[in-house]
Amino acid sequence: MAKAAPKKRRSGRSKLLFKRRKFCKFCDEKVDWIDYRDPRLLSNYIPERAKIQPRRTSGTCATHQRQLREAIQRARNIALLPFAL
């Protein structure tokens with residue numbers, strides 16, 4: 001009987017995925033202050049569950065993430081954005 005060739009094991013990362021470096025869109029556009037009265041801009045940073053996206057997902061810097069959080073909370077309090085969907 002002939003021996004069967006051993007099977008090669010593939011690692012989980014056989015294909016390396018190219019990850020684009022995240023950058024702060026507010027720094028790129030040189031935004032000084034994030035306006036809480038602009039729900040169209042703020043809704044980009046709120047997914048379906050109506051939670052605020054973290055920095056690692058959105059790519060914003062720490063300074064603008066704090067301003068973004070405060071603007072979203074203010075917009076929620078005056079009913080421009082929903083607390084939950």
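Bear in mind these aren't lab numbers, they're just calculated from the coordinates by the rules spelled out. Nothing here was measured: the structure is a model prediction, and the numbers come from that model. FYI the Cβ positions are ideal-geometry reconstructions off the backbone, even for glycines, and counts take in every protein chain you see.
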field: In segment 59-84, the residues that are outside any loop (DSSP other than H, G, I, E, B), in contact (Cβ under 8 Å) with a residue 24 or more places away in the chain and surrounded by 15 or more Cβ atoms within 10 Å (Cβ to Cβ)
entry: 64, 67, 68, 71, 72, 74, 75
query: Among the residues of segment 38-47, is there at least one that is part of a loop (DSSP other than H, G, I, E, B) and of a type in the set (D, E, K, R)?
result: yes
